[in-house]
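Asker: Okay, here's the structure, questions in a sec.
The values are calculated or read from the model by the stated rules, or taken from the named source; none is laboratory data. Computed from a predicted structure; not experimentally measured. Glycine also receives a Cβ, built like all others from the backbone with ideal geometry; neighbour counts cover every protein chain displayed.
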Amino acid sequence: MKRKNYHLFKIKGVNQERFFNALSKSFFIFDVDRTDKTHCSFKVLLKDKDKVRSLIQNNGLMIEEEFSKGPIYSFFKFFSCYGILAAICLCSIFYFLQSFRIERIEVWGDCDQALVQEYIENNLNTKYKNKIDCQSLERSLSDHFENFSFVSVAVVGQTLVVNVKTSIIPPEMDNEFESIISEYDGIVREINLIQGTLKVEVGDIIQKGQILVEGKVVNSEGEVFNLEPKAEIVLEIWAEGESTHFDEELVTTRTGKKEVVTSVVLFGQEFYTNKKQISFSQYEMESFSKPLTKNNILPFILTENIYYETKTEKIVSNFEDVKDDFINQAKENCLQNLSSYAIIKNENYKIIEGAGCTTVKYVITATLKVS
Amino acid sequence: MFNFFSELKKIVEKEKLIEKYNIINMSGKILYVEGHKGICQLSKEIITFKVKGGIIFVEGQNMILNELSETTLKIVGDIKRVEAM
């Protein structure tokens, strides 16, 4: 049995056999290693070391060296290191005392955080957590900053967290209104104006981004009034989409084989890696990284690079064989450019043949009601 | 618990003859002894110890006395020869 806790003696003297015979009657001895006739080392249990020491001296032997080893010895030795114990006690007391105090103020929300923080620092009459009145601080902040619609103050750990939400003023209160703007190119087919100033007429060709109705009205005396523009305008719009077929095309696909290289990074330095030579001549790489530990003391980051083998093939195809697929793809591309509220009136496509490629252009005409 | 020596003693008629000492040599690497009466010589090459009715002579290389108590001992090393005298 391997004993981890022991006290080792290195002794010098003659007639050691007689000494060991006497010693073995009272104590358990192990690893007796006699280097020469006068020198010897042996181990005893930690609890026996003082008695064995006195026995060695009584038998006229000289102790050359002695030391203890093992986890139990290290544990008890720790309690005799008064400097470390004192430091731990002082740190614990300091940590305990400062845990009652606020050390940091954090302001969250869409506001001037420095201004709020400065206000709190000036108005916070104590830094002790149990003496801070969060409710009165909330009231004080709401009164002082008029644009705050919501204020919450809470003590989290040793941080005073202030959560602020600013009030959103509706545009009507600012007396500013957004104009009705066209989102598509098209032709104006019908207009039903309710309020505002009309900027287009029936039959006008309009462009994307053009103002249709402005939120202003000028009275007979030339005064300008702001109001919300309201109208129902029917536009005839069109959208285009295309897809191109190549007679010869290079397509890269994954073969299914992959190799993973994992590395552990600490403060930007690679700590460990199982890096090996990538055997693929052509590959794609995906990289993932995540923290290895949940503490901030040693922020180890585990990085995983996955190498996928790829192959490139030249694909030759005839347009006529895949014509319908490309027409449908062009239509889908066209529909993506169209509003989901539009009512389709007409649709057509044309095929343009080029050098080594064929392009399908799809056009949809639709009506759209803007209000 | 099964005790090899006790079981062995049961099947031998003259028990008193084998109550002196027990020695087990394990592959020439470990020698376990029960019933020793004290060490006579101790070195890396030769270890001798008394038993009831004689002396046991152990010869080998790099031998150490791995365990020593009042009645048992264990020698570890390259054990070449064990002789009862």
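Asker: When the residues of the range A:58-75 are narrowed to those that are part of a helix (DSSP H, G or I) and loosely packed, with under 11 Cβ neighbours inside 10 Å, which ends up modelled with the lowest pLDDT?
Answerer: Filtering first and then ranking leaves A:PHE75.
Asker: On to the next question. Output the number of the condition that A:VAL107 fails; it satisfies all remaining conditions of (1) of a type outside the set (Gly, Ala, Ser); (2) assigned to a strand (DSSP E or B); (3) within 12 Å of chain B (Cβ to nearest Cβ).
Answerer: (3)
Asker: Here's another thing I want to ask about it. Give the residues of the range A:23-46 that are over 60 Å from the mean Cα position of the chain (by Cα) and more than 9 Å from chain B (Cβ to nearest Cβ), sorted by residue number.
Answerer: A:THR38, A:HIS39
Asker: Just give me the residues in the range A:214-249 being surrounded by fewer than 18 Cβ atoms within 10 Å (Cβ to Cβ) and either without any contact (Cβ under 8 Å) to a residue 12 or more places away in the chain or under 30 Å from A:GLU286 (Cα atoms) (or both), in sequence order.
Answerer: Answer for the range A:214-249, where residues must be surrounded by fewer than 18 Cβ atoms within 10 Å (Cβ to Cβ) and either without any contact (Cβ under 8 Å) to a residue 12 or more places away in the chain or under 30 Å from A:GLU286 (Cα atoms) (or both): A:ASN219, A:SER220, A:GLU221, A:GLY222, A:GLU223, A:VAL224, A:PHE225, A:THR244, A:PHE246, A:GLU248, A:GLU249.
Asker: Taking the options A:ILE352, A:ILE306, name whichever one is assigned to a strand (DSSP E or B), among the hydrophobic types (A, V, I, L, M, F, W, C) and free of Cβ contacts under 8 Å to residues at least 40 places away in the same chain. Spell out the reasoning first.
Answerer: Values: A:ILE306 fails: free of Cβ contacts under 8 Å to residues at least 40 places away in the same chain.
Exactly one of A:ILE352, A:ILE306 is assigned to a strand (DSSP E or B), among the hydrophobic types (A, V, I, L, M, F, W, C) and free of Cβ contacts under 8 Å to residues at least 40 places away in the same chain, namely A:ILE352.
Asker: Related question: Restricting attention to the range B:46-68, and to residues there that are at the interface with another protein chain (Cβ under 10 Å from one of its Cβ atoms) and surrounded by fewer than 16 Cβ atoms within 10 Å (Cβ to Cβ), which single residue is nearest to the chain's Cα centre (by Cα)? Show your work before the answer.
Answerer: Within the range B:46-68, the subset at the interface with another protein chain (Cβ under 10 Å from one of its Cβ atoms) is B:47-50, B:62-68.
From the residues that got through so far, the ones that are surrounded by fewer than 16 Cβ atoms within 10 Å (Cβ to Cβ) too are B:50, B:62.
Numbers: B:LYS50: 10, B:ASN62: 17 Å.
That would be B:LYS50.
Asker: Checking the structure you have, find out if any residue of the range A:147-162 is touching a Lys or Arg at 6+ places or on another chain (Cβ under 9 Å) and closer than 30 Å to A:CYS334 by Cβ.
Answerer: No, the range A:147-162 has no match at all.
Asker: Could I ask something else about it? Looking at the range B:1-34, which of the residues that are modelled with pLDDT of 90 or more and assigned to a loop (DSSP other than H, G, I, E, B) is farthest from B:ILE79 (Cα to Cα)?
Answerer: Filtering first and then ranking leaves B:SER27.
Asker: Here's something else I'd like to know. Answer yes or no as to whether A:THR252 is in contact (Cβ under 8 Å) with a residue 60 or more places away in the chain and loosely packed, with under 14 Cβ neighbours inside 10 Å.
Answerer: yes
Asker: Which one is nearest to A:LYS10 (Cα to Cα), of the residues in the range A:36-57 that are assigned to a strand (DSSP E or B) and touching a His at 6+ places or on another chain (Cβ under 8 Å)?
Answerer: Initially, the range A:36-57 is screened for residues assigned to a strand (DSSP E or B), giving A:39-44.
In the following step, the residues that additionally are touching a His at 6+ places or on another chain (Cβ under 8 Å) were identified as A:43-44.
Working: A:LYS43: 9, A:VAL44: 11 Å.
Once the filter is applied, the top-ranked residue is A:LYS43.
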